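Here is the structure we will look at.
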Amino acid sequence: MKMNIFIACVVIGVLVHAGTAGTSTEIKSEGSYEGRLQRTDARGTNIWRSFTKKIVRTDLSGRILASCDAPSHQGDLCVKGDTLYVAVNRGRFNTETNGNSFVYSFDAMTLEQKKVWPLDMPMGAGGMTWKDDRFYVVGGLTPTRRCNYVHEYDGDFNLVKRHVLNSGYTVLGIQTATFMDGEFLFGIYGGKGNPGGILRCSADFKNIRRYTGGGSVGFAKINGRIYTGITPSVNAKKRRWTGTLNLSDNLLGDENLFTNTWYEKGVFTDAPVNAVKVEIGTAKGEVNFRFGNSWRKRMKGLVAKGYNAFFMDIADGFAYPSHPELAAKGAWTQAQLMKALEMAREEGLEPIPYMDFTSPRNSWLGAKNLPSASQESLALCCGLIGNLVKVFGHARYFRIVTDGLPGDVVNALNDAIIDRGYGSCPWSMSVYSTSENGATATKLRE
């Protein structure tokens with residue numbers, strides 16, 4: 001296989017192929033969708049895309065030919081014969097027991113639903129592909145595992161074999177699966193110290209090579225060219241540039257400040273582009289930022305680069321009044337955090353509170369790191385939200401990441417924000433628009 005597969009990119013609204021120098025082919029598509037792009041596949045003159053709650057089929061010009069609503073959480077898809085198959089998890093990902101996994105089938109042309117098969121995949125089914133007369137399904141992974149699993153099924157989705165993939169730990173398991181040119185390609189997310197990219201595996205799963213780069217939305221081959229995906233950028237005249245600041249170093253997130261586009265009408269996009277390096281300089285589990293002149297300098301630096309808002313990922317970087325035991329070493333006091341917010345606003349920046357409740361990034365919550373585990377742990381998370389609301393005061397929005405959490409838990413976390421007069425912008429209720437550089441467009445709920 002040619003190595004240029006690993007520099008090609010497909011966009012949610014645009015499919016991009018990077019081939020020989022000076023050439024580029026884009027396939028632009030119509031529409032915006034609730035949820036995020038999960039996977040693409042193509043055959044002949046048709047392209048299929050699965051979003052969290054919708055599936056679409058377009059022609060090679062991007063014109064929508066068919067679409068259908070689908071139950072959340074849609075995942076990877078593949079086309080075999082006249083049928084479209086989609087891996088779906090309606091429970092939680094990345095746990096030992098809480099996945100609720102299925103394969104849904106649709107007529108490939110009309111997208112009329114045909115049949116549903118339950119799967120025994122407690123960590124959550126997310127990716128799937130096929131080879132010969134067998135289907136191969138992959139999915140979530142708990143942080144304690146050091147290998148991934150590929151579930152091989154027959155045509156009626158009876159389990160034939162569970163293959164152990166000696167890949168080492170990959171953040172949230174495997175997102176997409178493709179069998180192409182005699183080998184499997186698995187797309188994986190990345191995190192701090194564990195880069196995302198692609199696992200290339202021989203057909204017998206014995207030979208595994210890992211590459212960094214794109215791949216978490218899978219691959220599609222069109223007219224001999226190989227495509228993979230990012231989200232295109234909205235051509236808006238009015239937009240705000242924001243970034244996400246990780247206050248604590250006790251996270252799996254990247255150490256860079258990422259650029260994001262915020263739109264005046266209440267839609268923002270997260271674009272994974274390295275913009276400003278966060279000054280770490282502290283031991284694991286401590287707070288990144290020291291309060292004082294260095295914070296003021298950082299705020300001035302953001303403004304100089306064109307930012308006028310930022311998401312502040314607090315995690316254990318703050319001594320929460322309701323649960324001070326969760327604070328990391330050097331965590332900011334309430335007075336320090338309020339002063340830091342005041343300084344940011346004085347420089348013309350809008351600070352927006354941010355909390356990630358998804359595993360494994362919520363490990364700083366200790367034994368209560370699963371909001372759905374009990375009413376007690378859910379009450380704890382809602383209490384932490386309440387603590388930040390009091391500190392941030394008149395902030396317009398409160399961003400939470402809830403990908404993979406059950407609907408009732410997401411609703412409870414939303415209510416904890418909305419009942420306090422904030423607009424909530426949960427990841428799992430996002431709405432995509434045209435964007436670039438892998439952007440995620442999310443509708444802010446008011």
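The values are calculated or read from the model by the stated rules, or taken from the named source; none is laboratory data. Please read these numbers as outputs of a predicted model, since none were measured by experiment. Cβ sites come from the backbone with ideal geometry, for glycine too, and all protein chains shown count toward neighbours.
Does the stretch 169-177 include one or more residues that are over 28 Å from I27 (Cα atoms), buried (at least 17 other Cβ atoms within 10 Å of the Cβ) and at pLDDT 90 or above? Yes, that holds for at least one residue. The requirement of being farther than 19 Å from V171 by Cα and of a type in the set (F, W, Y) is not satisfied by F93. Of N100, N89, N94, N46, all but one fail to be more than 24 Å from S202 (Cα to Cα) and in contact with a His (Cβ under 7 Å, 6 or more places away or on another chain); the exception is N89. Filtering the stretch 72-98 to residues that are in contact with a Phe, Trp or Tyr (Cβ under 7 Å, 6 or more places away or on another chain), closer than 19 Å to Y189 by Cβ and in contact (Cβ under 8 Å) with a residue 40 or more places away in the chain leaves only L77. A single entry from T269, T282 fulfils the requirement of being more than 25 Å from the chain's Cα centre (by Cα), at pLDDT below 80 and assigned by TED's automatic domain parsing to the domain that holds M355: T282. Against the list (1) under 25 Å from G214 (Cα atoms); (2) surrounded by 15 or more Cβ atoms within 10 Å (Cβ to Cβ); (3) more than 18 Å from the chain's Cα centre (by Cα); (4) among the hydrophobic types (A, V, I, L, M, F, W, C), the condition F157 fails is (1). Restricting the stretch 161-193 to residues that are of a type in the set (K, R) and more than 23 Å from the chain's Cα centre (by Cα) leaves a set whose member that is farthest from G126 (Cα to Cα) is K161. Considered as a group, the residues in the stretch 334-367 that are farther than 22 Å from A309 by Cβ and surrounded by fewer than 14 Cβ atoms within 10 Å (Cβ to Cβ) include one that is modelled with the lowest pLDDT, and that residue is A367. The set of residues in the stretch 51-71 that are closer than 23 Å to I174 by Cβ and in contact (Cβ under 8 Å) with a residue 60 or more places away in the chain comprises F51, T52. Residues in the stretch 50-65 that are hydroxyl-bearing (S, T, Y) and surrounded by 15 or more Cβ atoms within 10 Å (Cβ to Cβ) were compared, and the one that is nearest to F219 (Cα to Cα) is S50.
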